[in-house]
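One structure is given below, encoded as structure tokens.
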Amino acid sequence: MKRFAVRPVPLAVACGIGSAAFLSTGVQAAGFSLIEHGASGLGNAYAGAGAVAADGSTIFFNPAGIVELENSQFAGAFHLLDSNTDFTDEGSTTALALGGDELSGPDTASPGTTVLLPNLYYVNKVDERLSWGVGFGIPFGSSTEYDHDWKGRYITTKSGITVYDINPALGYRVNEQISVGLGLSVQVLTAELESAIDSGAACLGVASQGSSFTTTDCVNAGLTPNRQEVDSYGEVTGESVAGSFNLGLQYSPIDTLRIGVAYRHGVDHELDGEGDFTVNPQLQATLDSNDPAASTPEAAALAAGLFRDTDASAEVDLPSTFSISGAWQAYDRLQLLADITWTGWSSLHEIRVTYDNPVQPDTETLQEWEDVMRYSFGVNYDLNSKMRLRGGVAYDEEAIPGPYRRTPRIPGNDRTWIALGLGYQATGNLSFDVGFTHLMLDETPIDNTHEESPGGPVLRGTYDSSVDILSAQINWKFK
């Protein structure tokens, strides 16, 4: 039997609930952004989205564009996102404080998921100079779910984040060349985080603080580190409501060219939620056996208070974006589109989850994400008066600075978009749009052995990921 040294085990290592709380895998766009707002734009990889004003989705991309729309209109879209993600282990270990042994579990994992995203938009054209509208979409979100025995289970087993955004907007035409727009956003963020807790590490951690039970008692109870059979589990859920705004301008220097400039302000979310625990019976019995009179005050408090359901809170600062778009009508049937978008992901410096339970260690993860750029180019070609073909490509930079800051909740990397789409004008009032996009991600290493990486389990391996997106939209013009 392996012997375990009687030495202090950092409580954040022994008793933490994973890391990067409230965040989850985002392979659709930089970080965990979701740019899927409207099926018509998807067919162009959202090139020129802030300039074309194709339908009500311009509320999101550039509210100045709603005054360019013909008549009052409604648009509703759905996006089916299929994330294909495979992890291959390359030497993951327990925390150095626990010996740095190889983590138990399979050498591969597949956390990809399939989700459905909705968009709804309504625009009311007051007159030729003034329009207002309201949009609904999900600008941030993702989800992952791993098997409970995978090697990274002490970091995450399940994650989910969804940001619902209601965006009323106003557009005004200043003159024949310039229009401006303003939008307000009300966001509701919901989040879910689950991970396994190493019951053996927790038992040894409390014992090393001076409890009446010893490390030998932990071992005799089967509570040794890295044993999946005796794992406990922690789940954190939370939600937040916050507001923001977006601004836009469109400028047409000549009849065939339109330039769009748009800004969306970042949102600071303060989440309130709960931490819920399912404690392994052997661990709970060992903690309950502690004699406070024969323990240090620290150990007595830990044995009595660890892994109790408690309220929790966290702050998540979502980024601002700034984009410049162009749409050029090269000739009657051909339109060329382009877009450059900056996203300020440096707002996400760290994530800290604080528990009301004073003996439950905070969960803190240093992110140090970076600002990123997205570049896209697209074309529209009108086959006839009823049918439009679309195509586009995009290159999307990743905000995570490197393998040492990457976590299995967000194993993102730079990605390339290849997009195709079709628009069909069924009647004077009714039209449909469909689009398909394939996202290719660079091979994504993860290696938390950097000196500034978290002090918990070390995950080392490679992710191979791709995403397929299928979108459909219906549009109705009121005449």
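Quick note: the coordinates plus some simple rules give every number you see, no bench work behind them. Source: prediction; values computed, not measured. With ideal geometry, Cβ positions are generated from the backbone for all residues, glycine too; neighbour counts draw on all protein chains shown.
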Exercise. Note down the nm distance, to one decimal, between modelled labels 7 Å out along Cα→Cβ at residue 389 and at residue 166.
Key: 4.3
Exercise. Give, in nm to one decimal, the length gained when the segment between residue 78 and residue 128 is fully stretched (0.36 nm per residue of separation minus the Cα-Cα distance).
Key: 15.0 nm
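What dipole magnitude, in Debye to the nearest 20, does the chain give about its Cα centre under +1 on Lys/Arg Cβ and -1 on Asp/Glu Cβ?
On the way: 26 positive and 61 negative charges, 291 e Å.
With only Lys, Arg, Asp and Glu charged at Cβ, the dipole is about 1400 debye.
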Exercise. Just report the Cα centroid separation between segment 260-305 and segment 383-410, whole Å.
Key: 37
Quiz item: What distance in nm separates the simple spin-label points at residue 479 and residue 108, each placed 7 Å from Cα in the Cβ direction?
Solution: 5.6
Quiz item: How do 97-108, 258-269 rank on mean C-beta neighbours within 10 Å, highest first?
Solution: 258-269, 97-108
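Using DSSP to define loop residues, name the chymotrypsin sites (Phe, Trp or Tyr not before Pro) in segment 39-82 whose beta-carbon has at most 10 other beta-carbon atoms within 10 Å. Show your work: numbers first, answer last.
Working: sites: 46, 60, 61, 74, 78; in loops: 46.
Those that pass, being in a loop and sparsely packed, number zero.
Using R₀ = 35 Å, calculate the FRET efficiency as 1/(1 + (r/R₀)^6) where r is the Cβ-Cβ separation of residue 270 and residue 120; round to 0.05. Walk me through the numbers on the way to the answer.
Details: r = 27 Å, r/R0 = 0.77.
Working from the Cβ atoms, E equals 0.85.
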Quiz prompt | Listed values [x] 88, 61, 46; [y] 84, 37, 35; [z] 64, 49, 45, entry calculated as Cα extents along the principal axes in Å | solution = [y]
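Take the Cβ-Cβ distance between residue 329 and residue 149 as r, set R0 to 60 Å, and report the resulting FRET efficiency rounded to the nearest 0.05.
On the way: r = 57 Å, r/R0 = 0.95.
With R0 = 60 Å, the Cβ-Cβ based efficiency is 0.55.
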Quiz item: When we measure straight from the Cα of residue 479, which aspartates and glutamates land under 18 angstrom away, once same-chain ones fewer than 8 places off are left out?
Solution: 55, 68, 70, 127, 128
